[in-house]
Each structure stands twice: as structure tokens, then as C-alpha cells.
Amino acid sequence: MLQVFASRFEFQQRTWFIFGIFCVGLSCYWFDPQNSGVVLARVLHSHVPLFQALSLRSSIRLVFLVGASVVALGGVLRAWGAAYLRAEVVQDSRVRTEKLVADGPFRYTRNPLYFGLLIGVFGAGLLCSRTGWVVQIILAFAFCYRLIRREEAHLVLVQGERFVTYFQSVPRLLPALRARVSASGALPHWQEAFAAQTPWWAIAASEIAYAVTLRPNIALFVALAGVPVHVAQKRARSIRLAATKAVR
């Protein structure tokens, strides 16, 4: 039976667990060699007038460009949330509950970063096989749910009635159409927030690369290029944060 709460180790290593989920999705090519984006393009090319007016190659390109837009949307939503949390909180290995953030997207959903992640995973599924796309989404949703439950348990303990009130007002994942709480006036930090989403920009770029070249090896190279860049960014951010604390 699936444990409801993520373990401390899972939370600390959540970035690598998400990367592992992508790898599991890609590994499904071993027994399902058909790319999901190409299969989807063929179906649309056969049944949808807009795609019927295009060649099959153009249909495939259009599908991957739309997929890149979906991944980018997920990255933008994550950046919007991260802009109010700050990158050192988003990427911290600890559950940070010292303050309750209710600005920006947190007025519409309690977990905009995880919501953006799931949107990004859905768009990134075009790089996987048909089976890999489904497996990737299921694993990502289950993992995010467990992370959310762990964070919420900490927030109840630390914030108490404040979080309970927020909990009852704002949806857990799917955003409300209107803000459910008033803004507290926190200022966003956009530059570091967008920089922290490097893996998602890399995946979006990889789908654009596929649309341009129709070569999966090039798309995979572009997607994986975001990993070392992201690791280097996290390391540099940790060094800067340690230096700031030392000065204080």
C-alpha cells in the first residue's frame, strides 16, 4: 500500500526523484518503441481537419511545438510561485514552514509549484513512448501528492489555526477561478524564480528541437543538458546563501 506521506529522504532528494520519474518514462521505450507525440500527430492528422490540411511531418512538428508550450506554461506557473517563496526555499532539502505565503498564485491554489510540475510532466510526455507518457504522469501525481501531504502536516504543526483557515479557503491543487484570500503585499523575485526552472526550459527547448529536426537523439540531448546546469545553479546558490549567513 502506498505511504500517504513522503519520507524525509524523498523530500530531501525530490529533485532527483522527479528526474528518476522522467527516466522511468523514457525507459518504457524498451517494450513500447512508438513515440507518443508521433502517434498523437498521426491520429490528429487522420481525424482533425486542421491537421489534415498539413503534411504528417508538419503535424508532428505542430504537436511538439504545442507540447513545448505546455511545458513552458508549467515552468511559468512554477516560476510565479517560486517568485514569492524565493529559490532558497523552493530548493531547500528541509520543509520550510516558518512563514505562511499567501501571495501570487498561492491565493488560488495551495500548491502552485506542484501544479506547474504536473503540467510540465504532461507536456514532457511527448518525448516518451505511449506507455511512458502514462507511467510518467501517474508516478509524478502520486509523488507530488505525498510531498504535499508531508508539507501540509508540517504547516499544521507550525502555523496551526492560520494554516487551517488558509487550508479551508484555498484549493489544494487545481486553482480557483478567483483569489480566495487577500494579498499580503509580498514582493516577487522574478529573476531567480525563472532561473530556478532551468530543467523545464530545457525540456521545452528539447521539444522545439524535435519539431525542427525530427530527431529524437537531439531532443534528448537538449533535455538532459538542463540537468548539469541546474545542479551547478543549485550549488552556486548554496554557496551564496552560506556566505550570506557567515557575514551575518
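The values are calculated or read from the model by the stated rules, or taken from the named source; none is laboratory data. The shown structure was predicted, so the numbers you read here are calculated from the model rather than taken from an experiment. FYI the Cβ positions are ideal-geometry reconstructions off the backbone, even for glycines, and counts take in every protein chain you see. Only protein heavy atoms, including side chains, enter the accessible area calculation; ligands, DNA and RNA are left aside. Shrake-Rupley method; radii C 1.70, N 1.55, O 1.52, S 1.80 Å.
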Stretchable slack from residue 157 to residue 195, in nm (0.36 nm times residue separation minus alpha-carbon distance): 10.5 nm
Length released on extending from residue 176 to residue 218, taking residue separation times 0.36 nm less the Cα-Cα span: 11.3 nm
Cα-projected label distance for residue 53 with residue 30, points at 7 Å along beta-carbon direction, nm: 4.4 nm
Carbon plus sulfur fraction of accessible area for the chain, probe 1.4 Å, in percent: 66 percent
Computed magnitude of the charge dipole of the chain (debye, nearest 20; Cβ of K, R +1, Cβ of D, E -1): 380 debye
Extension gain from residue 168 to residue 141, taking 0.36 nm per residue of separation minus the Cα-Cα distance: 7.5 nm
Relative contact order computed over the chain (Cα-Cα under 8 Å; 6+ residues apart), in percent: 28 percent
Amide N of the range 102-133 lying under 17 Å from the label point, which is placed 7 angstrom from the Cα of residue 43 along Cα→Cβ: 122-133
Accessible area of the chain divided out per residue, in Å², using a probe of 1.4 angstrom: 54 Å²
Value of relative contact order over the range 105-248, rounded to a whole percent, pairs C-alpha under 8 Å and six or more apart: 26 percent
